[in-house]
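Visitor: Can you read through this structure? Questions will come right after.
The values are calculated or read from the model by the stated rules, or taken from the named source; none is laboratory data. Quick caveat, the model's predicted, so the values are computed rather than measured. Positions of Cβ are backbone-derived with ideal geometry, glycine not excepted, and every protein chain shown enters the neighbour counts. Just the protein is used for accessible areas: all its heavy atoms, side chains included, with ligands, DNA and RNA removed. Shrake-Rupley method; radii C 1.70, N 1.55, O 1.52, S 1.80 Å.
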Amino acid sequence: MNAVDSRSAAARCCVPDGYEPLPHQVAGHQFSNGKFGMLRRRGDRSAVLKPIQKYPKGAREVEFYQRLFSSQCGPELRSLQCWVPRYYGVTDVVVGHGMAEEKQGFLLLEDQAARLHCASVLDVKIGRRCWDTEASAQKIEVELSKYPQQESLGYRISAMRVYDQTKNDYEQYSKHYGLSLDGSGVLRALRLFFWNGKEERRDVIRQILSQLHDLMAVFQTQSVAHFYSSSLLILYDGVQPASASTVRVKMIDFAHTFVLPLAKKERDENYIYGLSHFIDGLRTLL
């Protein structure tokens, strides 16, 4: 590693003044091992800051948010707006100190856990394939080898954290845990996500299924956007009864999202397959 690389890595490992790592982040890069992670401003729970990735992934994600929340957004694409965290724009943050300082761009997004007291959080990759139409043969091979079961299962658990009432604390399950699960293991993990140390939160499962059925109805009709390697972020309050305000389902991660030209519109069968199988998996828990 040369001097420039060393300074850059040092900057990335240093949380900037006035900010803190997002405490309920379960998947994606964190401020460690030379990576930028998600942040929030100290004392401000209204928004999270998500690092903008390198081109073209970062530019593609920013463009999707800008297009979705634009006043010129068409009706089909706008139907997805309520399923995505509210977008507040982009901002630059100086990370690091002294010689290691550098400027990093961040997306400003609504914090889905802001109104939850004890948020259990699940990140689920949706779709039988995680590579987009521009992926190289090598990228496809890497993705296929990462989690072969996804092609038939249609989704995979990326990571999760679960609030345990008996301990008044959280159990964390990393991406390595998610990648270790076979088909039956995925269902056991989902059941674990809804166990609060005292009971299985079937009220939460029913509320999530209700929201997922509404999302499926959108995907049955929208044919302008295709999502690859996108996740569903599912949150529920570990100490409150299930309701539309204490259980949240949002689509996230749009670095591999493509809005199609009108002449090439078609349903996103890859996403529909994954969402349908995820719904079926949750139904088995009831």
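Visitor: Quickly run through segment 194-219 and pick out the residues that are surrounded by 15 or more Cβ atoms within 10 Å (Cβ to Cβ), within 20 Å of residue 252 (Cβ to Cβ) and not β-branched (Val, Ile, Thr).
Guide: Listed by number, the residues that qualify are 207, 209, 211, 212, 215, 216, 219.
Visitor: Sticking with this one: Does at least one position in segment 93-106 carry a residue that is closer than 27 Å to residue 234 by Cβ and touching a Phe, Trp or Tyr at 6+ places or on another chain (Cβ under 7 Å)?
Guide: no
Visitor: If a residue has to be of a type outside the set (S, T, N, Q) and open to solvent by 50 Å² or more (accessible area, probe 1.4 Å) to count, how many in segment 70-104 make the cut? Reasoning before the result, please.
Guide: Taking segment 70-104 as the starting set, the residues that turn out to be of a type outside the set (S, T, N, Q) are 73-78, 80, 82-90, 92-103.
Narrowing the set further to residues that are open to solvent by 50 Å² or more (accessible area, probe 1.4 Å) leaves 75-76, 78, 82, 86, 88, 90, 92, 94, 97-99, 101, 103.
Selection size over segment 70-104: 14.
Visitor: So, one more: So, restricting to strands (runs of 3 or more DSSP E) that lie completely within segment 10-89, which ones have at least 3 residues that are under 18 Å from the mean Cα position of the chain (by Cα)? I'd like the intermediate steps shown before the answer.
Guide: Numbers: elements: 19-21, 39-41, 47-51.
Correct list: 47-51.
Visitor: Moving on. The conditions are (1) more than 19 Å from residue 229 (Cβ to Cβ); (2) at pLDDT 95 or above; (3) among the polar types (S, T, N, Q), and residue 72 fails exactly one of them. Which is it?
Guide: Among (1) more than 19 Å from residue 229 (Cβ to Cβ); (2) at pLDDT 95 or above; (3) among the polar types (S, T, N, Q), the lone unmet condition for residue 72 is (2).
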